[in-house]
1. Along region 64-81, what does the Karplus equation 6.51 cos²θ - 1.76 cosθ + 1.60 (θ = phi - 60°) give for ³J(HN,Hα), rounded to whole Hz, x for Gly and Pro?
2. With charges only on Cβ, +1 for K and R and -1 for D and E, what is the dipole size of the chain about its Cα centre, in debye, rounded to 20?
3. Choose one of MET116, CYS142, SER8: the residue whose Cα lies farthest towards the positive end of the charge dipole of region 2-156 (beta-carbon charges +1 Lys, Arg; -1 Asp, Glu; about the Cα centre).
4. Looking at the square roots a ≥ b ≥ c of the eigenvalues of the Cα gyration tensor of region 1-112, which shape do they give, rounded for a/c under 1.5, prolate if a/b is larger than b/c, or oblate?
5. Ranked by Cβ crowding within 10 angstrom, fewest neighbours first, how are PHE136, PHE9 ordered?
6. Modelled label-to-label distance, TYR96 and MET1, 7 Å Cα→beta-carbon offset: nm?
7. Show that you can apply the helix-only estimate: for the chain, add -39,500 (n - 2.57) for every DSSP H stretch of four or more residues, divide by all residues, and state [θ] at 222 nm to the nearest 500.
8. Please give, to one decimal in nm, the separation of the simple spin-label points placed at ASP74 and GLU47, each 7 Å out from Cα toward the Cβ.
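Where a number appears in this text, it was derived from the coordinates with a stated rule and is not lab data. Note that the coordinates shown come from a computational prediction; the quantities given were computed from them, not determined experimentally. Glycine also receives a Cβ, built like all others from the backbone with ideal geometry; neighbour counts cover every protein chain displayed.
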Amino acid sequence: MKVIYPGSFDPVTYGHLDIIDRCSKSFDKVIVAVLNNNYKKNMFSVEERLNLLRETLKEYDNVEVDAFSGLLVDYANKRNCSTIIRGLRAISDLEYEMQMSLVNKKLEEDLETLFMVSRGKYSYLSSSIVKEVAMFGGKISCFVPKVVERALKEKMNGGQD
Ligand code: COA
């Protein structure tokens, strides 16, 4: 069974990686799909986000990293995949996730969204919070892998510790 795990990944955090790791064990193939959109103001370009994910996930044989733009349902059709995975960090995520899942279902009846509950230790984590901590020089090694930490530091202050 093939699944798509879509998101902005600006940048990828240990919370996303935990979901991907668990999906890689439960499904035959996981496509991590980076949204190349115009709505969110991203810190990292789509190429940078793809590179960080590919570097972080290079040990996984059944995980592919790709980019998409436009509607998720169209991308899922193009990839011949009918299952979307979304992480749920807290009950507050549910309203937005249900809305997206129902819109997608309306657009494409055959598309299913499955929710995976985030581990408690990552339930507070978001890409924005990591960027904010990094911006003020806080410790981010507990939130993101080394390669992402380095990339964030480069964005913030030219790579100086
Ligand atoms: N661990 C840590 N953080 C997590 C997480 C997890 N398991 N799951 C989500 N997050 C965080 C992300 O870091 C992100 O944080 P940020 O807002 O600080 O950047 C936030 O939760 C939500 O981001 P993400 O999961 O990337 O979702 P999104 O809302 O940016 O995008 C898409 C969701 C890509 C699935 C959706 O926008 C989409 O499908 N777009 C295509 C257009 C479309 O088809 N629209 C119609 C359907 S609604």
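1. For region 64-81, the Karplus-derived couplings read 10, 10, 9, 10, 9, 9, x, 7, 4, 4, 5, 5, 4, 4, 4, 8, 6, 10 Hz, x marking Gly and Pro.
2. Numbers: 23 positive and 23 negative charges, 69 e Å.
So the magnitude is around 340 debye.
3. CYS142
4. Details: a/c = 1.34, a/b = 1.18, b/c = 1.14.
It is rounded, given that a/c, with a ≥ b ≥ c, falls under 1.5.
5. Values: PHE136 7, PHE9 25.
Listed from fewest to most nearby Cβ atoms, that is PHE136, PHE9.
6. About 2.6 nm separates the two model spin labels.
7. Details: 6 runs with 69 residues, N = 161.
Rounded to the nearest 500, the figure is -13000 deg cm²/dmol.
8. Placing both labels 7 Å beyond Cα along the Cβ direction yields 2.4 nm.
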